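Student: Below is one structure. I have some questions about it.
Just so it is clear, none of the values below were taken in a lab; they were calculated from the coordinates. Note that the coordinates shown come from a computational prediction; the quantities given were computed from them, not determined experimentally. Here the Cβ is made from the backbone with ideal geometry for all residues, glycine too, and neighbour counts use every protein chain on show.
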Amino acid sequence: MFELALPNMHALGVMLLIAAALVLFAREEIPLETTSLVVLVCLTVGFQLFPYQSETGVVRPSEFFLGFGNRALIAVSALMIVGQGMISTGALEPVGRFLARLWRRGPGISLILTLLITAVLSAFINNTPIVVLMLPILIGVAVRTGASATGTLIPMGFASILGGMATTIGTSTNLLVVNVAADLGMDRFSMFDFMGPVLVAGIAAVLYLWLVAPRLIPERQPPISRGVARYFTAQIRLNPDSPLVNKTLADALARAGEGLRVESVQRDRGVFLRTLPDVRLKAGDRITTTNTQANLREFARALGGTLYSGDQQVDDEHPLTASGEQMAEVSISPASRLNGVRIGKARLFRDHGLRLLAFNRFEGMEERESPGLDDVRLRTGDVLLVQSTLENLAKLKTSSDFLVLDGSIKLPRTRKAPIALLTIIGVVALAALNVMPIEISALLGCLVLIVTGCLNWKDAMSALSTQVILIIVASLAMGAALLKTGGADYLANLFVYVTFGAPPSIVMMGLMLMMAVLTNVVSNNAAAVIGTPIAVGIAQRLGMPLEPFVLAVLFGANLSFVTPMAYQTNIMIMNAGGYKFGDFVRVGLPLTVMTWLILSGVLIWAYEL
């Protein structure tokens, strides 16, 4: 048994930083972008103040910024924009319509076809657009048939993750592992090199998701009740005996309470006063506001006024109406510009015409009505119950900020859809045929979408996720620091030391299992980038081929089935379907163990470990 040498101080410092970063990545209350920035600052400042002399020279702190120009990041960013083009143009609308028609005929065969189509599409398109396409379809089918969507949403989401494992472009995790391994001297994987093992495991996994998973999930209700009170716009006309006659608008607000939002003050016909706090009110002034029917009546009583809807006084025979408006559930998408924005500053009504009625988040924040939510920061997967016009809700379906969960299976489509579809086919074909690397073909695809008008620059930029970009850059920086200081060698030696005497097959299985555990509690991209150089080091020390150990990291980092926070689409599905944390464990844990064993078996057989 060989001696395990202690790491140098720089390597030890980097390993401690990585351990701290992984812990912070798992903390929901700390934005992932913040943790990523902390990592970059610590690495650059640390190596600036405490220089490290490697075998090739002094490590320059600026080297940790090279991740911003890494070809994997370029490919991921370009593919996110191409995926946004598919959503904006409705290029996948024929698939959605086919599935919607299919679900009307029989749920059994429909579910298996939905799982297969989801998996195939996810092998070539980022998982998020696929889930964004499928969620409204499955929810719409459930609403129309009166059935529950409980047994379909989690299996669909897991099928998208399985499909993403199959090719180098299926997920950002795959791209990062493939590129980091190539930088370390391994022959680059082509697009379909590891599809075989995934296909074998995928067949068993899809059968499990089709036949077993729906029976493991208890019946769940959608997160937001439809019994929430609607909002109405009305006017409160001050009576001659109102206590607020000759008082200021500030006095009116103080008397009515914080719930009163004054939209306008009308005096006589066509004369509108500025809604300033020092404006003095007179008898007959009409204050326009929007709220629930009960609150409007209370405001009228407190202000000493009479409630009007248009020119008609509100009474039992003439109730309040909100014609042309309906309620709908919308979810915050991963690419939304509202991620991290406080609800009070999100300008939902001003920018989108949405009145917020209620709010739901999976982590113990059950349904809450809109008052008192101003300080809550929006996150991916949050579900909002909103009220708006049919036109506004239709526009939202082409927006990258929201996913409309209104039970409708009407999907947006534009005349540009064929161009977007041909673009994604071209991007994949050029990379698959080795005509050009994926980062170049994807960048070419972005240009085509912009030039042809499939995307404008605003939509293209909104498709880029600051969170994903910073996590990738920080992960690449941590991986580089681990390599340059010898930390990766030390961790590889430690892994071999702990598993000393075990066959290479068991070491490889242990590595994949370790990655599967990490990816369910921290960022899968971070786990993959840090794990890849360690896998290469382990293989070299065992005198084994690099490929099975690198694939163990790639596959393990994709087994994001056990927790809702393991993958961003899991969070979207959890909120949309009203699932509990335990539902993911109940379905995802057996799936993870089964997939791990099958993938390990195929790798052991294929590489004769």
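Student: Test of understanding: what is the full-extension gain from A250 to I506, defined as 0.36 nm times their sequence separation minus their Cα-Cα distance?
Tutor: Once the chain is fully extended between A250 and I506, it gains 84.8 nm.
Student: Pick out, from W596, A420, S62, the residue whose Cα sits farthest towards the positive end of the charge dipole of the chain, with +1 on the Cβ of Lys and Arg and -1 on the Cβ of Asp and Glu.
Tutor: In the chain, that residue is A420.
Student: Between T306 and L276, what's the calculated FRET efficiency when r is the beta-carbon distance and R0 is 25 Å? Round to 0.05. Working shown, then result.
Tutor: Numbers: r = 24 Å, r/R0 = 0.96.
Efficiency for this residue pair is about 0.55.
Student: Here's another thing I want to ask about it. At q = 0.13, 0.18, 0.21 Å⁻¹, work out log10 I(q)/I(0) for region 517-583 with the Debye formula, treating every Cα as an identical point scatterer and leaving solvent out; two decimals please.
Tutor: Treating every Cα as an identical point scatterer, log10 I(q)/I(0) equals -0.44, -0.67, -0.79.
Student: Here's a follow-up. So if we plug the beta-carbon distance of R60 and Q540 into 1/(1 + (r/R0)^6) with R0 = 25 Å, what FRET efficiency do we get, rounded to 0.05?
Tutor: The calculated FRET efficiency here is 0.40.
Student: Through the Karplus equation 6.51 cos²θ - 1.76 cosθ + 1.60, θ set to phi - 60°, convert the phi angles of region 269-274 into ³J(HN,Hα) values in whole Hz; use x for Gly and Pro.
Tutor: Values, residue by residue: 8, x, 9, 10, 8, 5 Hz.
Student: Within the chain, what is the longest stretch that has no GluC sites (Glu not before Pro) placed in a DSSP loop and near at most 12 other beta-carbon atoms within 10 Å? If you can, show how the numbers build up before the last one.
Tutor: Numbers: sites that count: E3, E28, E29, E55, E219, E258, E263, E317, E608.
It runs 318-607.
Student: Regarding region 231-313, what are the three Cα extents along the principal axes, ordered largest first, in Å?
Tutor: Taking the Cα atoms of region 231-313, the three principal extents are 27, 27, 23 Å.
Student: Which whole-number percent is the relative contact order of region 15-173 (Cα, under 8 Å, 6+ apart)?
Tutor: 19
Student: Can you give the Kirkwood hydrodynamic radius of region 426-531 from its Cα pairs, in Å with one decimal?
Tutor: When all Cα pairs of region 426-531 are included, the Kirkwood radius is 17.2 Å.
Student: So what's the gap between the Cα centers of region 39-58 and region 137-197, to the nearest angstrom?
Tutor: 36
Student: What label, among (1) 1.05; (2) 0.97; (3) 1.45, belongs to Rg/Rh (Cα atoms, Kirkwood Rh) computed from the structure on display?
Tutor: Read-out taken from this structure: (1).
Student: I would also like to ask the following. Select from region 129-218 those trypsin sites (Lys or Arg not before Pro) which occupy a DSSP coil region and have at most 15 other Cβ atoms within 10 Å, ordered by residue number.
Tutor: In loop regions of region 129-218 (DSSP not H, G, I, E or B), the sparsely surrounded trypsin sites (Lys or Arg not before Pro) are R188.
Student: Further, regarding this structure: Over 29 Å between C-alpha atoms is what I'm after, so list which of K345/K395; K345/K458; K345/K416 land there.
Tutor: Long pairs (Cα-Cα over 29 Å): K345/K416.
Student: Enumerate the calculated ³J(HN,Hα) couplings along region 124-138 in order (Karplus 6.51 cos²θ - 1.76 cosθ + 1.60, θ = phi - 60°), each rounded to whole Hz, writing x wherever the residue is Gly or Pro.
Tutor: 10, 10, 3, 4, 4, x, 5, 5, 4, 5, 6, 4, x, 5, 5
Student: Here's a follow-up. For C454, C42, which order do you get if you count the other beta carbons within 10 Å of each Cβ and list the fewest first?
Tutor: In order of increasing Cβ crowding within 10 Å: C42, C454.
Student: Compute the helix-to-body angle for 546-557: its Cα long axis versus the longest principal axis of the chain, expressed 0 to 90° and rounded to tens.
Tutor: Between the helix axis and the principal axis of the chain, the angle is about 20 degrees.
Student: Still on this structure, I have one more. So between T290 and K458, what do we pick up on full extension, going 0.36 nm a residue minus the alpha carbon distance?
Tutor: Stretched out fully, the T290 to K458 stretch lengthens by 57.3 nm.
Student: Using a 10 angstrom Cβ neighbour count of at most 14 plus a DSSP loop assignment to flag exposed chymotrypsin sites (Phe, Trp or Tyr not before Pro), which longest range of the chain is free of such sites?
Tutor: 193-499
Student: Right, something else. Report, in whole Å, the centroid distance computed from the Cα atoms of region 478-523 and region 287-303.
Tutor: Each part reduced to its Cα centre gives a spacing of 63 Å.
Student: Which FRET efficiency value, to the nearest 0.05, is calculated for A182 and T389 with the Förster distance at 45 angstrom and r the Cβ-Cβ distance?
Tutor: 0.30
Student: Taking 0.36 nm per residue of sequence separation and subtracting the Cα-Cα distance, how much length would be gained by fully extending the chain between M9 and R267, in nm to one decimal?
Tutor: Length gained between M9 and R267: 85.3 nm.
Student: So for the chain, averaging the separation of alpha carbon pairs under 8 Å that are six or more residues apart and normalising by length, what relative contact order in percent results?
Tutor: 22
Student: OK, next. For region 447-453, in order, what is each residue's ³J(HN,Hα) by Karplus, 6.51 cos²θ - 1.76 cosθ + 1.60 with θ = phi - 60°, in whole Hz (x at glycine and Pro)?
Tutor: Listing the rounded values in order: 4, 4, 5, 5, 5, 7, x Hz.
Student: What distance in nm separates the simple spin-label points at D351 and R415, each placed 7 Å from Cα in the Cβ direction?
Tutor: A separation of 3.0 nm, rounded to one decimal place.
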